[in-house]
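Trainee: The structure under discussion is supplied below as structure tokens; questions concerning it will follow.
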Amino acid sequence: MRILPLALTSISMKKLLIGGILPMIVGLFAMAALSGCHKDFDGNGTETETPFSEKISRFGTGAKKGELLVKVSESVAEEVSVGMTRSEGTRSGVSTLDAALQDIGAVAFEPVFDLETMDREAAYAAGLHRWYVVTFDEAVSLKDAAVRLAEVGEVSNVELNGQVARVKHNVTPAGPVRPSTRADEKWNDPRLNMQWHYHNTGDETICKPIAAGADVNANPAWDICAGDPSIIVAIMDEGVVFSHEDLADNMWTNPIELNGTPGVDDDGNRYIDDKYGYNFADNKGTITWGARQDEGHGTHVAGTVAAVNNNGIGVSGVAGGTGNKDGVRIMSIQIFGATNATGIGMAKGITYAADYNASILQCSYGAKSGEMANDEAFAEDVGELVLNAFNYFIDKPRPGSPLNGGIIVFSSGNNLQKESYPGAWPRFVCVTSFSADFSPSTFTNYGDRSDITAPGGDEEYYTYNPQNQGAVLSCLRPPDNYGYMSGTSMSAPHVSGVAALGLSYAKKLGRTYSPDEFKSLLIASVSDYDSHLDAAYPYTKPSAVAGQKEMLRSYQDNQDVWHNSPMILSDFKGKMGSGMVDAYRMLMNVRGTSAVNVAVGQEHTFSLKSFYGDATPTMTYALNVPEDVKERLGMTVTQDGDNVTISCSKQSAGIVTITSAVGGTDLSRELAIICRAKVASNGAWL
């Protein structure tokens, strides 16, 4: 796959500054696929229609000269593994392949992965044992070398080793801490009161329009679980500032290297000084954030997942713990640095995260929408090497973990079109973005392949938005330390954080899941979103046309032409994913507790008997609501026989108990009451 930046001419940049379109590209790395006719083979901008072998696929711009990736067929994989002449380093042991290597003047033929440091069975299942890197003189044409290697019957695929590219992000440093006037703040973090995306009270002094409940419902979830240090989230992004005052206590560490000798591979894993992860961009252990291109994107993403909670400093994270070093752990898989990672670097980063038992791979990057038309095009253009590595991350067993495998979370894209790949790939979780008033963000990609939506903020949509407070507030690299960004890059880590919170709670309860089971549970852990897209939209500016978001959306099509048009809210119905990710529902799903959804300010009646199936007619029922839950929800409850009517004036959640009796036996079961701004029209059951 060819990875391209969203190149901006001087004219385009002028439009960015005056046309309000910057959110379209903010916070999303750009990747663009190579077409089936194999254009721009050498990554130098020239195009050719020459029909090359179907075995040849591409990854990245600026393909590395003098280097190709080769996947041998399964039939000779063991023969190649055994037959390599290690002293010479240019022989495979397969005569036809060795002849091709000689023809291109190969100086090295080496395996991409060190299987001795990996789960061998999982690596074989993913096909990682079949990958080799061929090195030859840079004067040799990549095209000619690839065609010659593809002629070998025992070679199943040849790929270029290109680079990942990225686009510019808009960053607004946070202003002075604003004293909180809210009595319901969960933690003592001084900037939590500006993180509307966790607990939105509709405070118009943050931005306007804004609506209570446009958040991930974190507050009631934190009463139950706030994280667990055994759960690891790998941030595949720019380097994470591991020494950040609000991240240091929640960083994953490799203790052997952390306490070892600098410059020495103390643990023998072939990665020197990999203390907090590894810099796969620059192929070194030191995680960096001082490069000119680095704008703190990786650190911002990491802060949303697990900035340390309740430490009296900065911001909070979705799964940042309680201030007792009990948050989930952040591993830095750096693929953007002074240079950018190659295909090999990406693949090694993905497998590194799996081998060190990360449960979640958080990826806020992707291709421009439309560059890959379908799954087949993605599989071809992304290249088998990286796709095989992704499969290894998902499928590699993690014994003892609540998730016996891994899940991969991707942003959907920022050019307001069909969700982009890799997010659209069925095995990944694809995240769209909404604003502080529930409306779709003016940049979010959306469509039938979108899985779930989360807060990603907005920038120029708001009538009142000092210091870009309608965006997402999180950590930044020094000297700013905290600031605002918006994009599906910001919505995706909210989902990763909620997933990490769910796994933390599963660890506490002794529950275990397969990757498919947990992915399904996550996508079901939502509150209704489509009800916020009704024609009589209540949260837009007063002058807005019913059913439209007043902000004219500006987007760049795949011919790099900019368009302006009103956001028609009905266009997004059924295409933003299953709903708004909800941290409390995630925990209730893990707990196995059913939930009743109640719209704020509306009465809701349901039958207690319905929770007991075909129970005997003589069974009696009562709903018991603790006083603190009544107060938290502003709840009134009346019961008439088996039926209960509830109304709530506050958006929150709590656990109540249904007690029942039959034949002298007393029974009870938990029930979660979740009050949000709206509920789905198709019922209130989770």
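FYI, it's all coordinate maths here, none of it is from the lab. A quick note: this is a predicted structure, and the numbers were derived from the prediction, not measured. Virtual Cβ from ideal backbone geometry, glycine too; neighbours counted across all protein chains shown.
Trainee: Give the shape of the range 594-676 as rounded, prolate or oblate, defined through the alpha-carbon gyration tensor: a ≥ b ≥ c are the square roots of its eigenvalues, a/c under 1.5 means rounded, and otherwise the shape is prolate if a/b is larger than b/c and oblate if not.
Mentor: Here the range 594-676 falls in the prolate category.
Trainee: If you put +1 on each Lys and Arg Cβ and -1 on each Asp and Glu Cβ, how big is the dipole of the range 182-267 around its Cα centre, in Debye rounded to 20?
Mentor: Dipole size: approximately 480 debye.
Trainee: With r defined as the distance between the Cβ atoms of Ala139 and Arg182 and R0 fixed at 51 Å, what FRET efficiency is calculated, to the nearest 0.05?
Mentor: For Ala139 and Arg182, the calculated efficiency is 0.15.
Trainee: What ranking, highest mean first, results for peptides 313-319, 646-652 when packing means the other Cβ atoms within 10 Å averaged over each residue?
Mentor: Put in order of decreasing packing, that is 313-319, 646-652.
Trainee: Taking 0.36 nm per intervening residue step and subtracting the Cα-Cα distance, what contour gain separates Lys508 from Lys65 on full extension?
Mentor: 154.4 nm
Trainee: With the cut-off at 29 Å, tell me which of the pairs Lys186/Lys348; Lys64/Lys284; Lys186/Lys275 have Cα atoms farther apart than that.
Mentor: Lys186/Lys348; Lys186/Lys275
Trainee: Which shape class applies to the range 146-266: rounded if a/c is under 1.5, otherwise prolate when a/b exceeds b/c and oblate if not, where a ≥ b ≥ c are the square roots of the Cα gyration tensor eigenvalues?
Mentor: The shape class here is prolate.
Trainee: For Asp273, what charge total do you get from the other residues with a beta carbon under 14 Å from its beta carbon, if Lys and Arg give +1 and Asp and Glu give -1?
Mentor: Summing Lys/Arg as +1 and Asp/Glu as -1 gives -3.
Trainee: I've got another one for you. In the range 253-292, which trypsin sites (Lys or Arg not before Pro) fall in coil by DSSP and have 14 or fewer other Cβ atoms within 10 Å?
Mentor: Arg270, Arg292
Trainee: Along the Cα→Cβ direction, 7 angstrom out, place labels at Ser520 and Asn259. What is the inter-label distance in nm?
Mentor: 4.3 nm
Trainee: Quick one: which of 356-364, 497-505, 205-213, 338-346 comes out on top by average Cβ neighbours within 10 Å, and what's the full order, highest first?
Mentor: Packing proxy ranking, top to bottom: 497-505, 356-364, 338-346, 205-213.
Trainee: Next question. Please compute the net charge surrounding Glu151, taking Lys and Arg as +1 and Asp and Glu as -1 over other residues with Cβ under 14 Å from its Cβ.
Mentor: Cβ neighbours under 14 Å give a net charge of -2.
Trainee: Further, regarding this structure: To make sure I understand the rule: partners must be aspartates and glutamates, Cα under 18 Å from the Cα of Lys65, and not fewer than 8 residues away in the same chain. Which ones qualify?
Mentor: Result set, ordered by chain and number: Asp40, Asp42, Glu47, Asp103, Glu110, Asp137, Glu138, Asp144, Glu159, Asp282.
Trainee: On to the next question. Place the peptides 398-407, 660-669 in order of packing, highest mean first, counting for every residue the other Cβ atoms within 10 Å and averaging per peptide.
Mentor: Highest to lowest by the protection proxy: 398-407, 660-669.
Trainee: Of Met635, Thr659, Ala622, which is farthest on the positive side of the dipole of the range 594-676, counting Cα position, with +1 on Lys and Arg Cβ, -1 on Asp and Glu Cβ, and the Cα centre as origin?
Mentor: Checking the options against the dipole of the range 594-676, the answer is Met635.
Trainee: I would also like to ask the following. What nm distance separates the two modelled labels at Asp571 and Ser81, each placed 7 Å from Cα along Cα→Cβ?
Mentor: Here the answer is 5.1 nm between the modelled labels.
Trainee: Right, here's the next one. Residues with beta-carbon under 15 Å from that of Arg632, excluding Arg632: net charge, scoring Lys, Arg +1 and Asp, Glu -1?
Mentor: -1
Trainee: Then there's this: Using 0.36 nm per residue, how much length does the chain from Thr620 to Leu667 gain when fully extended, once their Cα-Cα distance is taken away?
Mentor: 15.9 nm is the gain from fully extending Thr620 to Leu667.
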